[in-house]
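One structure is given below, encoded as structure tokens.
The values are calculated or read from the model by the stated rules, or taken from the named source; none is laboratory data. It should be emphasised that the depicted structure is a prediction, and the values quoted were computed from it without experimental measurement. Note: ideal-geometry Cβ built from the backbone for every residue, glycine included; neighbour counts use all protein chains shown.
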Amino acid sequence: MTIEEIVFQIIIHAGNARSKAFDALKNAQEGRFQEAEEFLKDAHEEIGAAHRIQTDIIQKEAGGQKVDITVLFVHAQDHLMTAISEKDLIENMIQLYKRIEKLEKGD
């Protein structure tokens with residue numbers, strides 16, 4: 001696999017993670033917290049896959065292998081970090097939706 005193909009795998013997994021995180025948020029907004037948790041789990045798995053690919057590239061470079069840092073690679077890094085940040089924020093937002101629902105029900 002070429003470095004470009006490897007980098008595209010990071011972008012794909014990061015994009016999938018972001019999409020799953022926003023699916024989780026949408027479900028939480030509608031009070032479907034179990035479904036939201038499943039989407040968050042999927043997002044976490046996608047981020048893990050992207051992170052493993054990234055780590056492999058970094059380890060190769062640390063081991064002395066020449067790794068070309070391209071604009072595409074930087075773009076992939078940006079996608080991954082954005083997906084991680086958004087997932088983390090969405091997890092917190094879902095907790096807030098749970099608190100709101102609990103308060104509205106008077107529990």
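Output yes when any residue across the stretch 50-62 is farther than 16 Å from Ile3 by Cα, β-branched (Val, Ile, Thr), out of contact with any Asp or Glu (no Cβ under 7 Å at 6 or more places or on another chain) and without any contact (Cβ under 8 Å) to a residue 24 or more places away in the chain, and no when none is.
No, because not a single residue in the stretch 50-62 is farther than 16 Å from Ile3 by Cα, β-branched (Val, Ile, Thr), out of contact with any Asp or Glu (no Cβ under 7 Å at 6 or more places or on another chain) and without any contact (Cβ under 8 Å) to a residue 24 or more places away in the chain.
Just to be sure I understand the filter: pairs with C-beta atoms under 6 Å, separated by 6 or more residues or on different chains, first member in the stretch 17-46 and within 11 Å of Met93 (Cα to Cα) and touching a residue at least 12 places away in the same chain (Cβ under 8 Å), second member among the aromatic types (Phe, Trp, Tyr) and surrounded by 15 or more Cβ atoms within 10 Å (Cβ to Cβ). Which pairs pass?
Ala24/Phe39; Ala28/Tyr97
Considering only residues that are farther than 13 Å from Ala21 by Cβ and touching a residue at least 12 places away in the same chain (Cβ under 8 Å), look in the stretch 81-107 and name the one that is surrounded by the most Cβ atoms within 10 Å (Cβ to Cβ).
It comes out as Tyr97.
Scan the stretch 60-80 residue by residue and report those that are assigned to a helix (DSSP H, G or I), loosely packed, with under 11 Cβ neighbours inside 10 Å and small (Gly, Ala, Ser).
Ala62
Looking at (1) among the acidic types (Asp, Glu); (2) at pLDDT below 95; (3) in a helix (DSSP H, G or I), which is the only condition Glu38 fails?
Single failed check for Glu38: (2).
With Ile57, Ile53, Ile12, Ile47 as the choices, which residue is in a helix (DSSP H, G or I) and over 17 Å from the mean Cα position of the chain (by Cα)?
Sole residue among the options that is in a helix (DSSP H, G or I) and over 17 Å from the mean Cα position of the chain (by Cα): Ile57.
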